[in-house]
Amino acid sequence: MWKNHTTNNDNKGYLKDLMAEGNIDTSKLGTNVADITEWRFFNYTDSTRLIYSFEAYPKFGTKFETLDLEFYKCSETGVSEKAEFIIRELEFRNGRSTVNFNWGEYNIKPRELYLVKIKVAGADDIVERWFLSTELMNDCFNTVNDFGDKTNTTVQDKLTVKLDSTNLTNDRSSIIYGTTSVSNSENKIGQWI
């Protein structure tokens with residue numbers, strides 16, 4: 001593992017607020033893997049600021065071309081088969097990217113849960129993360145880098161919900177983490193987010 005960081009500077013010195021850090025896992029060089037290292041979002045009333053980062057290890061002599069973020073709506077009956085909308089980055093970047101989008105452009109409704117399939121053109125795997133169109137995670141935006149980190153107790157506490165088992169047609173008790181308990185006395189997931 002090789003750690004690196006870059007710091008922009010101007011004629012007055014280094015700009016520490018613009019410093020970026022990353023890792024290069026030399027054992028993954030040339031493996032055609034794109035690992036997501038950051039996934040967080042801040043939701044406003046009708047828009048989102050999404051930040052994500054990758055460490056990319058394309059095959060030698062190639063590069064990853066584009067990145068698609070495919071949003072699939074979740075409901076009590078499961079995950080939709082067709083993507084509700086796709087955000088396409090025309091140039092894949094190794095490192096951090098920020099996307100701002102208005103919900104009206106993509107027909108996003110407040111208090112909805114989406115499964116996001118992150119597809120890097122040329123990479124072998126598809127990465128998945130959750131997106132909630134609610135302000136639930138806003139207070140974690142500056143302290144948690146990856147809302148998909150299952151070992152982070154702050155994230156786990158926020159995303160653990162109780163489901164109403166009377167409305168389940170199959171076992172979806174682990175819809176977000178697997179630590180979700182099922183109880184008849186609790187609200188349905190749609191009422192929580």
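The values are calculated or read from the model by the stated rules, or taken from the named source; none is laboratory data. Nothing here was measured: the structure is a model prediction, and the numbers come from that model. Counting neighbours? That spans all protein chains shown, and the Cβs are built from the backbone with ideal geometry, glycine included.
Quick look at the numbers
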item	result
Residues of segment 24-52 classified as out of contact with any Gly (no Cβ under 7 Å at 6 or more places or on another chain) and in a strand (DSSP E or B), total	17
Filter result (loosely packed, with under 14 Cβ neighbours inside 10 Å and out of contact with any strand residue (DSSP E or B) (no Cβ under 6 Å at 6 or more places or on another chain)) within segment 90-111	90, 91, 93, 104, 105, 107, 109, 110, 111
Residue 70 being among the acidic types (Asp, Glu) and more than 16 Å from the chain's Cα centre (by Cα)	no
Residues of segment 112-130 that turn out to be touching a strand residue (DSSP E or B) at 6+ places or on another chain (Cβ under 6 Å) and either without any contact (Cβ under 8 Å) to a residue 12 or more places away in the chain or among the aromatic types (Phe, Trp, Tyr) (or both), as a count	2
Count of residues meeting criterion [part of a loop (DSSP other than H, G, I, E, B), surrounded by 18 or more Cβ atoms within 10 Å (Cβ to Cβ) and not hydrophobic (A, V, I, L, M, F, W, C)] in segment 112-144	2
The listed residue being at negative phi, in a strand (DSSP E or B), at pLDDT below 90 and within 18 Å of the chain's Cα centre (by Cα), out of 21, 55	55
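Here is a yes/no grid of residues against (1) touching a Phe, Trp or Tyr at 6+ places or on another chain (Cβ under 9 Å); (2) surrounded by 12 or more Cβ atoms within 10 Å (Cβ to Cβ); (3) modelled with pLDDT of 85 or more:
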{"site": "2", "(1), (2), (3)": "no, no, no"}
{"site": "26", "(1), (2), (3)": "yes, no, no"}
{"site": "68", "(1), (2), (3)": "no, yes, yes"}
{"site": "80", "(1), (2), (3)": "yes, yes, no"}
